[in-house]
Amino acid sequence: MRDIGTDDPRVHVRPGRPSKPRTKIRPDYSDRPRGQVITVDRGRYGVVMDDAVEVIAVKARELGRGALVVGDRVRLTGDLSGRKDTLARIVLIEERRTELTRSTDEGGGRERTIVANADQMAIVVALAQPEPKFGMIDRALVAAMEAGMQPLLVLTKADLASHQKVEEVYEPLGLRVFVTAVKHPAAPQRDDLEALREALTGHDTVLIGHSGVGKSTLFNTLVPDADRRTGDVNDVTGKGRHTSVNAVSFALPGGGRIIDTPGVRSFGLAHVDAAGLLRGFPDLEEVTADCPRGCTHKANETECALDTVRDPLGQRRVESLRRLLEQVPKPEWEG
């Protein structure tokens, strides 16, 4: 058989089309209309524009797979009318001023950013049903410090129990404490609801707390049209049901925004190093100034200055800090 390969003059090889080189120049969207993400639901994002119009948007493909969270400030194109069945497109995510992050598991779990750009964290704790969890408060304080947010402590169900036990631990730290009795205001010892409203006005505040502490009830009181689901506490376990499924941001009547988050069983801090944990305990940070160089502040340290703390409240704080320090992953060079 005669060879009619590419050397045969009768065979004409059509040259391939030259590929168009990919340009590194990307469109500049920095002047596009700006908004803030207020809801996230399966690839659809509720965004309130700077002119107060609320739109539904999708994320542009070129933004990649990075997560968008409630609080993100974004630039958009497309239909920004806010009319039903219209979609805008998020084309730029602005740099975050703050990030509230938690680890999914202790001991090196995956980090997850919950809320962006909030400047305050309101830690909501029930005085009864369920009993206050000091460990949860301490963890939330660390998370607030790590995120660069100003923490507030909100004590609910003041008609059921005294607030003094909790207040005497945290007020000396300079933490603002608000006592409320929203659901059953039957002659509570103290009710700081109006002072709390004032403290939230003009700020973007994220609410953090266990399920069943009255977070959604408080939310509905502060934002009457929010209509957040409320739930009861299990009489056997003392734990509440998760009533908030996704984080959501609402405008406050006096200005600012308040962000409700799903109730948490625990607040993982595996992403925070020892120095970050210590910043959440400012009363003990001063004590550790007298520790020898390289002290880990753990219970097995022989010359740790934390062992000199003698008052019961201080010792409880030391125990709480050391529990968190035990969960800090060892550096690789330590094996």
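The values are calculated or read from the model by the stated rules, or taken from the named source; none is laboratory data. Please read these numbers as outputs of a predicted model, since none were measured by experiment. Note that each Cβ is placed from the backbone with ideal geometry, even for glycine, and that neighbours are counted across all protein chains shown. Areas reflect the complete protein model, heavy atoms only, side chains present, ligands, DNA and RNA absent. Shrake-Rupley method; radii C 1.70, N 1.55, O 1.52, S 1.80 Å.
Some notes on this structure:
- With the simple model of a label 7 Å out from the Cα in the direction of the Cβ, Thr77 to Arg34 spans 1.9 nm.
- Amide hydrogen neighbours beyond the local backbone of Phe178, cut-off 5 Å, H modeled: Leu153, Val154, Leu155
- Share of carbon and sulfur in the accessible heavy-atom surface of the range 34-93 [1.4 Å probe, %]: 47
- When the pairs Lys165/Lys215; Lys84/Lys215; Lys59/Lys84 are compared against a 29 Å limit on Cα-Cα distance, Lys84/Lys215 fall above it.
- R0 of 30 Å, Cβ-Cβ distance Glu285-Arg197: FRET efficiency to nearest 0.05: 0.40
- Cleavage-rule hits, GluC sites (Glu not before Pro), the range 77-149, DSSP coil, Cβ neighbours within 10 Å at most 16: Glu94, Glu95, Glu106
- Pairwise FRET efficiency - Ala274 versus Leu160, Cβ, R0 = 30 Å, nearest 0.05: 0.20
- Of the GluC sites (Glu not before Pro) found in the range 245-324, the ones in coil according to DSSP and having at most 14 other Cβ atoms within 10 Å of their Cβ are Glu303.
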